[in-house]
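Throughout, read-outs are computed from the coordinates displayed, never taken from laboratory work. This is a predicted model, so every value here is computed, not measured. As a convention, Cβ positions derive from the backbone with ideal geometry for all residues, glycine included, and neighbour counts pool all protein chains shown.
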Amino acid sequence: MSFEPEELSREEVQEKVDETIENNEVALFMKGNEMMPQCGYSRKAIGLIKQYREDVATVNVLTATEAYREALSEYSGRETIPQTFVDGEFVGGSDILEQLDENGDLEATLNA
């Protein structure tokens, strides 16, 4: 028997997004979770972050993907997943994290 998570309401999602961004230095909204990312971009994002930070709050957007896209776009102007926030500021998705890492800036960005 497979367990399907209940779909969260838009209000619940907005509250989760607000609280996660406000209360964590580093927050990653991803498909799946830290132990089982559900897409390659999410896997790449968590891998890059974990090189420099152990304490990252992750949120699985698959519980209400469209509602999360809408809520996150209010912060970032983007609907793509994954999205990384540091100290309440939108940093980017896995592509931006990879670019920051290649430039040697990701560690400083994550530990600002």
| query | Counting pairs of Cα atoms in the stretch 10-107, how many percent are more than 19 Å apart? | reply | 32
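Relative to the present Cα-Cα distance, how much length would full extension add between residue 63 and residue 95 at 0.36 nm per residue of separation? Walk me through the intermediate numbers first.
Details: separation 32, 0.36 × 32 = 11.52 nm, distance 2.35 nm.
Computed gain between residue 63 and residue 95 is 9.2 nm.
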| the chain: relative contact order in percent, alpha carbon pairs under 8 Å with at least 6 residues between | 32
| field | Whole-Hz couplings from phi, Karplus 6.51/-1.76/1.60, listed for the stretch 69-79; x for Gly and Pro | value | 4, 5, 4, 5, 5, 5, 8, 10, x, 10, 10
| remark: trypsin sites (Lys or Arg not before Pro) in the stretch 1-104 lying in a DSSP loop, each with at most 13 other Cβ atoms within 10 Å of its Cβ, come to 78
| remark: A correct fewest-to-most ranking of 36, 30 by other Cβ atoms within 10 Å would be 36, 30
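Do any GluC sites (Glu not before Pro) in the stretch 29-74 lie in a loop, going by DSSP, with at most 14 other beta-carbon atoms within 10 Å of their beta carbon, and if so which?
Numbers: sites: 34, 54, 66, 70, 74; in loops: 34, 54.
Sparse-neighbourhood loop GluC sites (Glu not before Pro): 54.
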